[in-house]
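The values are calculated or read from the model by the stated rules, or taken from the named source; none is laboratory data. Since this is a predicted model, take the numbers as computed values, not measurements. Methodologically, a virtual Cβ is constructed for each residue, glycine included, from the backbone with ideal geometry; neighbour enumeration extends over all protein chains shown. SASA here: full protein model, heavy atoms, side chains in, ligands and nucleic acids out. Shrake-Rupley method; radii C 1.70, N 1.55, O 1.52, S 1.80 Å.
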Amino acid sequence: MGLRPLFHLVVHGLLIGIVLASHSVQATEPTAPIRFRQLGVPAGLYQYVSGAWGVVGVEIINAEDQPVEVLAACAFSPDPDIQFARRVGIPPRTKRRTWIPVQLPHVPSNRESIPCYGLLIDDRSGREVVLRREQEGVQHTELLRVNHDRPLSGFFVDETKEFRWGEVDYAYEAAIAYRTSRGFQRRMIPIQIRDLPPLPELLDGLDQIVLWNDRFASDAAILGPLRKWLHNGGELWVMLDRVDPVNVEKLLGQSFACQLVDRVELHEVTIQDAREGVSAMSTVVYEQPVNFVRVLVDDLHVTHTVDGWPAAFEGSVGRGRVLVTALDARAWIEEPRMARPSWDATRMSDYWPNEHLQSMNLLMNDRSPLGEPSIFRDYLSEKIGYRIASRSSVSTLLGLFCGALLLAGVGLAWRRRLEHFAWIAPLLAAAATIPLAALGLQAQRAVPSTVGQAQLLEVSDGADQVLASGLLAFYDPAMNVPVCGVMRGGVFHPDENAVVGTMRRMVWSDLDRWRWDNLRPTAGLWMADFQWSDELDQRLAVQGTFSQRGLVAAWVDEPLPLTDMVIVLPGTPCLAVRVDNADLVAGPADVLPPGRYVAGQWLSDEQRRRQAALEKLLSSDSVGGQLVPRPLLLGWSDPLEMDFQFPASARPVGAALWAIPLNIRPARSGASVVIPSPFIGLRVTSMAEGHEASPLYDHHRGQWISSRVRSELWLHFQIPTAVLPMEPDRGRLTLHVTAPDRTLEIRRMQDLQIHRIDSIQNPIGVINVPLSGDSLPPLDDRGRLTIGLAVSGIQDQTGTVAEQVWKIERVQLEVAGTTMGSGEAHE
């Protein structure tokens, strides 16, 4: 044997000896009695979204003979500003698996994962001791995968269904076909019921859930979080041919107004688009029959039909949206008819949505609340307020200071000792500063510790669910460390400016209980945005109909004591609501001027604060001004009890702004009705019979645009369907125009002929034009009343056309008439 093989043999022997020795040393080292096997590992959906909530998994072992309670904490930075933690109790000699709710920070789109830093803390001795693994740092690190492909779709996995190789799941194919047709990735998130804690925050990262089996109803604990996710802005696609309508009703409650008739199989399917102005129709013959569930629906919008039966219908649930397809998924997809322009395995599918599925607006739901919490910032600041020293006290001290300076200067000048003024002036200033500081400190302490709440409460239509968002404010003149948290769900985060430079910890103790630890505000007054949702003790709903008094509404069940109530409609002025016995009445005289949201000539301080908050909420540039989808009743009350925990000594102040859907029922036949102008929709076109929008009106923002040239435009006023068909008796057109030196001509169209109603010279200000008899335009077959406006040009003395700006500020139409039965409608 040569020297080289002998050398290799010796080296290998030494390495083996070292490894065996290290194992023997580790085997003799004692095992920690309390330790973790997993800390901050992926759990729940196993997918994470930037800025959204999720959960991470924890597994802790207790080898002691006594039960222990430890703190498991996670963060997304080695030196974090915020930690998410859970207090975990472990029985003796057991191991426990649990989860920690976490909210991801903003993750750049070029990063596919984010490290999660975990700590296991034993604080039984009064100080925090980190329990770590042998040969590991203080923090344990795991990687969480971040999914940037928004919107995200999920589905519940049915573990009981046997997988058959080669079998096509058309429900899954339809869902990914729609996603890929919109340019999104085909990947969907599988939801395993056994891995889900019953937390509504768990589903925060999902935008859509497709239900094609009944697995979601197998665990009652999941129905609550799923319902809250939907009400909070989620989108639900229910394939009713595969899902039991009873289970859908368990989830949606009264919002699912659907009655099962029967189930049939069809070899030939003709889908008809049922939306107004759309006439798309297609017929397909299938060798294998497709399933069709025939149902009767109420208060849901039918988009497609098959043989007159609803094949697809939709409705709103809180901020969320539900689409139900009653026809087999095979009928909504087809094989691609043309070659794909490029190959991308993540954005391709074997099928393509047909024209009817393409026309459905899926994956487009806006989950924003009606208003941003910042609309209440000034309201709470004024409500809590800082007290300052009285003006008379400050003026007296400053007067004495100035007088003393003057006397000292005159005296020193008379004695020719002005050089002493250099030290006398600072001395007098210090003497004046001491009482001023005392007055300021006294005024500051005069404001007691105060907690304020400004809540925006959105009630779901047809349900007993309420979504709350808004602002919390806490003022403590002593700037003590507050004890705050929640006892019944919800989340609030203090302003970053108020806690800058401190590490705070959100500690969960139960499903809906947590508190802030180490919250050390750097200012006496700090605020926090909050989100909260729950089921109401009673159903809140308002229903109304048109009558001679205008809109007359009433509470369906028990009334809610609200003040300063107004009715808000998309793009129109508000209506003040009067309480007449048990009725809520809003007539033509209750229309508020643009920009006014509280009725009354003289407003109290509280009403002035409410007016300012509503102005921020409903202005055309705000989120709320663009998200009012339907008539809402807004009203104010005392704050709703949400069981947010603050120091018991703090003085509570605040208010709640309720947003309740207003359901308008059809008026009875033969009733005399008056329709206030905000309920009459408006569309402006350039021609009487055309559909091209006029450039003088922004339909999206509901704003008029100024012009310099002569113009002609036509106003199409849409009468509410709740009073159609009707025979209009009279009307009143209100115009606010600024068109000096011009002529405004008001017209109507009848039998393709233009007739003049009125002509106004030099129109400036508000103009009221009564309409009756021949001056009242007729209703067309769609319930529209059309009025034309023509604004002339201006010529100066030389005959040159002048370019002076003119503008329409506001247009309103009030109509009165008599309703008719469907058989009484005239041609």
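Taken residue by residue, segment 183-192 has no member that is more than 30 Å from residue 107 (Cβ to Cβ), in a loop (DSSP other than H, G, I, E, B), without any contact (Cβ under 8 Å) to a residue 60 or more places away in the chain and open to solvent by 10 Å² or more (accessible area, probe 1.4 Å).
Listed by first and then second residue, the pairs linking a residue in segment 627-646 that is small (Gly, Ala, Ser) to a residue that is in a loop (DSSP other than H, G, I, E, B), with Cβ atoms under 8 Å apart and 6 or more places separating them unless they lie on different chains, are 635/560; 635/562; 635/577; 637/560; 637/561; 637/562.
Collect the residues in segment 743-774 that are at pLDDT 90 or above and outside any strand (DSSP E or B), keeping them in residue-number order. The answer is 762, 763.
Pairs meeting the criteria (first residue in segment 581-593 and among the small types (Gly, Ala, Ser), second residue buried (at least 19 other Cβ atoms within 10 Å of the Cβ) and assigned to a loop (DSSP other than H, G, I, E, B), beta carbons under 9 Å, at least 6 apart or on different chains) are 586/577; 586/676; 587/676; 589/676. When the criteria are applied in full, residue 253 fails the requirement of being at pLDDT 90 or above and small (Gly, Ala, Ser). Scanning segment 672-693 for residues that are farther than 25 Å from residue 461 by Cβ, open to solvent by less than 30 Å² (accessible area, probe 1.4 Å) and modelled with pLDDT of 85 or more gives 674, 684, 685. Within segment 721-738, no residue that is modelled with pLDDT under 90 sits with its Cβ atom under 6 Å from a residue that is open to solvent by less than 10 Å² (accessible area, probe 1.4 Å) at 6+ positions apart or across chains. Checked against the criterion of being at pLDDT 90 or above, more than 30 Å from the chain's Cα centre (by Cα), charged (D, E, K, R) and surrounded by 12 or more Cβ atoms within 10 Å (Cβ to Cβ), segment 304-318 contains one or more residues that satisfy it.
Which of the following residues is touching a strand residue (DSSP E or B) at 6+ places or on another chain (Cβ under 7 Å) and open to solvent by less than 40 Å² (accessible area, probe 1.4 Å): 215, 179?
179
If you go through segment 90-106 and pick out every residue that is open to solvent by 50 Å² or more (accessible area, probe 1.4 Å) and within 16 Å of residue 510 (Cβ to Cβ), you end up with 1. Considering segment 115-127, the residues that are in contact (Cβ under 8 Å) with a residue 40 or more places away in the chain and either among the aromatic types (Phe, Trp, Tyr) or farther than 18 Å from residue 205 by Cβ (or both) include one that is surrounded by the most Cβ atoms within 10 Å (Cβ to Cβ), namely 118.
When 551, 540 are checked against the criterion of being of a type in the set (A, V, I, L, M), open to solvent by less than 60 Å² (accessible area, probe 1.4 Å) and in a strand (DSSP E or B), a single residue qualifies: 551. The listed residues are 546, 530, and the only one of them that is modelled with pLDDT of 95 or more and assigned to a strand (DSSP E or B) turns out to be 546.
For segment 780-798, filtered to residues that are of a type outside the set (Val, Ile, Thr) and open to solvent by 40 Å² or more (accessible area, probe 1.4 Å), the residue that is modelled with the lowest pLDDT is 797.
Listed by position, the strands (runs of 3 or more DSSP E) enclosed by segment 56-106 include none that has at least 2 residues that are out of contact with any Cys (no Cβ under 7 Å at 6 or more places or on another chain) and at pLDDT below 90. Consider residue 297 carefully, then state whether it is open to solvent by 20 Å² or more (accessible area, probe 1.4 Å) and farther than 23 Å from residue 355 by Cα. Judged against the criteria, residue 297 is a match. Among the numbered conditions (1) open to solvent by 80 Å² or more (accessible area, probe 1.4 Å); (2) modelled with pLDDT of 80 or more, the only one that residue 371 does not meet is (1).
Residues that are of a type outside the set (D, E, K, R), at pLDDT 90 or above, part of a strand (DSSP E or B) and open to solvent by less than 100 Å² (accessible area, probe 1.4 Å) occur at least once in segment 107-114. Residue 515: over 20 Å from residue 578 (Cβ atoms) and open to solvent by 60 Å² or more (accessible area, probe 1.4 Å), yes or no? Spelling it out, residue 515 is indeed over 20 Å from residue 578 (Cβ atoms) and open to solvent by 60 Å² or more (accessible area, probe 1.4 Å). Among the criteria (1) surrounded by 16 or more Cβ atoms within 10 Å (Cβ to Cβ); (2) within 22 Å of residue 674 (Cβ to Cβ); (3) aliphatic (A, V, I, L, M), the one residue 760 does not fulfil is (2).
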